[in-house]
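Working notes, beginning with the structure itself.
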Amino acid sequence: MTEILSATEAGLDRAAELLRACGLVAFPTETVYGLGADATDARAVARIFEAKGRPQFNPLIVHLPDFDAARGTAHFDDAAERLAGAFWPGALTLVLPLKPSAGIAPLTTADLPSVGLRVPDHPLARDLLRRTDRPVAAPSANPSGRISPTSAHHVLAGLNGRIDAVLDGGTCPVGLESTIVATGPTPTLLRPGGLPVEAIEACLGTRLAAPGPEITAPGQQASHYAPAAPLRLEATAAHPGETLLGFGPIAADLNLSPTGDLVEAAANLFHHLHALDARHQPIAVSPIPDHGLGRAINDRLRRAAAPRPR
Ligand code: TXA
Ligand code: MG
C-alpha cells in the first residue's frame with residue numbers, strides 16, 4: 001500500500017524517514033511531482049527504475065535544498081555559478097562535473113562523470129530535502145512513457161502500490177519539467193522546460209547550443225561508459241581467460257545477485273562492471289531475464305558489449 005502523507009510536520013518526518021531507509025517517496029516540486037530516492041543508495045535508486053518500469057537507466061536529476069549543498073556535489077564553472085545564482089531555487093537543472101566525494105551512486109548518473117542538479121522552488125520539497133539530509137534522485141513520478149504528474153492524485157493513478165508514499169502538496173504551479181542546461185566550454189540546452197530559454201540566454205549573454213548529433217534524446221548519452229575489455233553476453237560459463245559476471249545461484253567472479261533479484265542486480269551493475277574492468281580481462285555475463293529491471297540491465301549490457309571505435 002502506498003501511504004498518503006499530508007503536508008504537516010508528521011507527514012514530512014515520515015517522508016524523510018522513508019527516504020533515509022531506502023524508500024520511494026513521491027513529492028511535489030514547482031514543476032511536476034518527483035519520485036524520490038536516496039541518490040547515494042544504489043538499491044533505492046534501482047527501485048525507482050523498477051517502479052517506473054523504465055527500460056533504460058537514464059541519468060536522474062539530483063535534488064538538493066540549496067546552492068551550498070549543490071556545491072558539495074558538483075564543480076561549478078562561471079556560467080553555472082551565474083545561472084544557479086539567478087534561477088535557483090527554480091525550474092532549472094544544471095548538468096555539471098560530478099564530485100566523486102559526494103557519494104552519488106553510479107546508477108543515479110547512469111555512470112556518467114556528470115550529474116544533473118536542481119534546487120526546487122517548492123516549500124515542501126525544500127523542507128523534505130532538508131529533513132532527509134541526503135541528495136535525493138527524482139525523475140517525474142509516473143510510469144515510464146506516461147504523462148508527468150502534477151497532483152498526488154495523478155501519482156497514485158500511475159504508481160499506487162508500487163511506491164512507499166506520496167507527500168500530498170496539491171497542484172504543481174509550473175506543471176512542466178525543468179529546463180536542462182549543461183555548462184562547460186559550450187553551454188548547451190539539453191531539454192526545454194519550465195524556465196524559458198530566453199531568460200537563460202539573457203543571463204549568460206550568449207545563445208545556448210543545441211545538443212550534438214551524438215545525443216539523439218535526453219538520456220541517450222548514458223551510453224558512453226563501456227568497459228575497456230570485451231564483453232560477451234548470455235554466457236553460461238566463463239571461457240579460459242574470461243572473468244564471469246554472474247546472475248543467480250552460480251559460481252562467478254562477481255555476482256549481480258546470487259538470489260536472482262533484479263533490483264539487487266541493477267544496484268550492483270555499474271559497481272561490478274568497474275571492478276571487473278580493472279582486472280583487464282574479457283568479461284562474460286550470465287543471461288539476465290528480460291523483464292522488469294532486467295530490460296534496463298540488458299539494454300545497458302548490450303551497449304557495453306557493442307563493437308566500438310578503437
Ligand atoms: O522538473 C524536473 O526536472 C522533474 C522534477 C521531479 O524535478 N524531474 C524530471 O526528471 O523531469 P526526469 O528523469 O524526467 O528527467 C531527467 C533527465 C534525463 O533524461 C536526462 O535528459 C537529464 O535529465 N539528465 C540528468 N542527468 C544528466 C546528466 N548527467 N547528463 C545529461 N543529462 C542528464
Ligand atoms: Mg519524466
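The values are calculated or read from the model by the stated rules, or taken from the named source; none is laboratory data. All values reported here derive from a predicted model rather than from experimental measurement. We place every Cβ from the backbone using ideal geometry, glycine too, and count neighbours over all the protein chains shown. Accessible surface areas use protein heavy atoms only, side chains included; no ligands, DNA or RNA. Shrake-Rupley method; radii C 1.70, N 1.55, O 1.52, S 1.80 Å.
Every residue, every condition in (1) farther than 20 Å from Leu5 by Cα; (2) not aliphatic (A, V, I, L, M), yes or no:
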{"position": "Arg131", "(1), (2)": "no, yes"}
{"position": "Ile147", "(1), (2)": "yes, no"}
{"position": "Ile163", "(1), (2)": "no, no"}
{"position": "Val181", "(1), (2)": "yes, no"}
Where the second residue is basic (Lys, Arg) and the first is at pLDDT 50 or above and lies in segment 202-223, which pairs have Cβ atoms under 8 Å and are six or more apart or on separate chains? Cys203/Arg82; Leu204/Arg82
Looking at segment 236-265, which of its residues are modelled with pLDDT under 95 and of a type in the set (S, T, N, Q)? Thr236
Filtering segment 148-157 down to residues that are open to solvent by 20 Å² or more (accessible area, probe 1.4 Å) and at pLDDT below 95, which residue is nearest to ligand 2 (Cβ to nearest atom)? Ser148
Please state which one of Arg71, Arg130 is touching a residue at least 40 places away in the same chain (Cβ under 8 Å) and of a type in the set (Lys, Arg). Arg130
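This table checks each residue for (1) in the same structural domain as Pro258 (by TED's automatic domain parsing); (2) free of Cβ contacts under 8 Å to residues at least 12 places away in the same chain; (3) part of a loop (DSSP other than H, G, I, E, B); (4) under 15 Å from Ala228 (Cβ atoms).
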{"position": "His274", "(1), (2), (3), (4)": "yes, no, no, yes"}
{"position": "Gln281", "(1), (2), (3), (4)": "yes, no, yes, yes"}
{"position": "Ala284", "(1), (2), (3), (4)": "yes, no, no, no"}
{"position": "Asp290", "(1), (2), (3), (4)": "yes, yes, yes, no"}
{"position": "Ala296", "(1), (2), (3), (4)": "yes, no, no, no"}
{"position": "Asp299", "(1), (2), (3), (4)": "yes, no, no, no"}
Residue set Arg118, Arg54, Arg47; condition more than 16 Å from ligand 2 (Cβ to nearest atom) and on the phi < 0 side of the Ramachandran plot; output residue Arg47
The number of residues in segment 167-190 that are surrounded by 17 or more Cβ atoms within 10 Å (Cβ to Cβ) and more than 13 Å from ligand 1 (Cβ to nearest atom) is 2
Near pairs, Cβ below 6 angstrom, 6+ apart or cross-chain, from segment 1-22 (within 17 Å of Tyr33 (Cα to Cα) and open to solvent by 70 Å² or more (accessible area, probe 1.4 Å)) to any residue that is aromatic (Phe, Trp, Tyr) and in a strand (DSSP E or B): none
Output yes when any residue across segment 57-72 is more than 13 Å from ligand 1 (Cβ to nearest atom) and closer than 21 Å to Ala141 by Cβ, and no when none is. yes
